[in-house]
Amino acid sequence: MKVQPELYPSDLETIAANAFALPQGIIGFGEHRRAELLYLPEHLPFLWMKLQGPTGPVNFVVIEPGGIIPNYELEIFDNDAENLQLSDPAEAMVLNIVTLKQHSPLDATVNLIGPILVNRRTRIGRQLVIANYSKYSARHVLIQKETAVAISA
C-alpha cells in the first residue's frame, strides 16, 4: 500500500461508493447512521468507511477479514442474524475496524470482536459483539513481527 500523507477524506468523495444504513450507528458514533464504503485500488485490502451524521462525516479504515485474518471464524447470535434479516451467511459482508498508529503503521491492530455486519441484500448494517468473542481480541495485531521484519528488509 502506498502511503499518501497528503490524502484527505475529501479526496475520496469522487470515488464510487457503496452506501448502507447503520440504524444504531456504531459504538461512540450512534448518531452517524449512514455509511459509505470507499476504496482506492492502491490501498486494498484497506477500505475507507465514511459515516454521515449531524456533526459531519467521520472516516474509519476497515478491512474485510476473509483471506487476511487466518482462522477468523465469527459466530453471531441468532437474534443478531434475525435483526439483520440474514438467511444465508453469504449475505453478510463483514467489516473490521483497523486502528493505525500515525508514526508506526506496522503496529496496526484490528477489532475482531466488534465487527460491522452488513446485509448485502438489504444494505442494512450493525456493529455487534460476536458470540465467540473470547477467542479473539479487539486489538488483534494485523502485521505479525516476523512479517514486519521481512517487509522492512
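For this structure, a couple of remarks:
- Qualifying residue in region 138-153 (condition: at pLDDT below 95, charged (D, E, K, R) and over 15 Å from the mean Cα position of the chain (by Cα)): yes
- Within region 109-125, residues that are without any contact (Cβ under 8 Å) to a residue 40 or more places away in the chain sit with their Cβ atoms under 8 Å from residues that are basic (Lys, Arg), at 6+ positions apart or across chains, in these pairs: Thr109/Arg139; Asn111/Arg139.
- Cβ-Cβ under 9 Å pairs, at least 6 apart or on other chains, region 45-63 side at positive phi, far side among the charged types (D, E, K, R) and surrounded by 16 or more Cβ atoms within 10 Å (Cβ to Cβ): none
- Residue match in region 8-21 (condition: on the phi < 0 side of the Ramachandran plot, of a type in the set (A, V, I, L, M), at pLDDT 90 or above and exposed (fewer than 13 other Cβ atoms within 10 Å of the Cβ)): yes
- Residues of region 22-37 satisfying the condition of being touching a Lys or Arg at 6+ places or on another chain (Cβ under 6 Å) and assigned to a strand (DSSP E or B): Glu36
- Close pairs (8 angstrom Cβ cut-off, 6 or more residues apart or separate chains): in contact (Cβ under 8 Å) with a residue 12 or more places away in the chain and within 12 Å of Gln127 (Cα to Cα) in region 77-97, buried (at least 18 other Cβ atoms within 10 Å of the Cβ) and charged (D, E, K, R) anywhere: Asp80/Arg126; Asn83/Arg126; Leu84/Arg126
The values are calculated or read from the model by the stated rules, or taken from the named source; none is laboratory data. Not measured: the values here are computed from a predicted model. Reconstructed Cβ throughout: ideal geometry from the backbone, glycine too, with neighbour counts over all protein chains shown.
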